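Every number here is computed from the coordinates shown, using simple stated rules; none is lab data. This is a predicted model, so every value here is computed, not measured. We place every Cβ from the backbone using ideal geometry, glycine too, and count neighbours over all the protein chains shown.
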Amino acid sequence: MKTGKYLGVCSSAVLLLGAYCLWESVRNSGPYAEEGILLGGLLSAFALVVMSWSIKRHLGVKALERHMKRR
């Protein structure tokens with residue numbers, strides 16, 4: 001069983017949550033708009049870093065599998 005089976009789904013959900021926080025904070029710029037923008041940006045950045053790390057890890061595993069098949 002893969003350990004990171006739902007990592008992509010969770011990071012996609014966090015990215016959508018961050019985008020929603022950004023959108024609502026910009027659309028309804030009230031007294032707490034700055035906090036919403038910071039929270040949305042932080043969530044979006046975190047999700048993008050996790051997704052890029054996950055893709056890099058996946059590509060590394062696939063390259064290792066190809067290398068081991070050729071041996």
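A few remarks follow.
- Note on region 13-71: among residues that are of a type in the set (S, T, N, Q) and within 17 Å of the chain's Cα centre (by Cα), the one that is surrounded by the fewest Cβ atoms within 10 Å (Cβ to Cβ) is Ser52.
- Region 3-46: number of residues that are in a helix (DSSP H, G or I), under 28 Å from Arg57 (Cβ atoms) and not hydrophobic (A, V, I, L, M, F, W, C): 8
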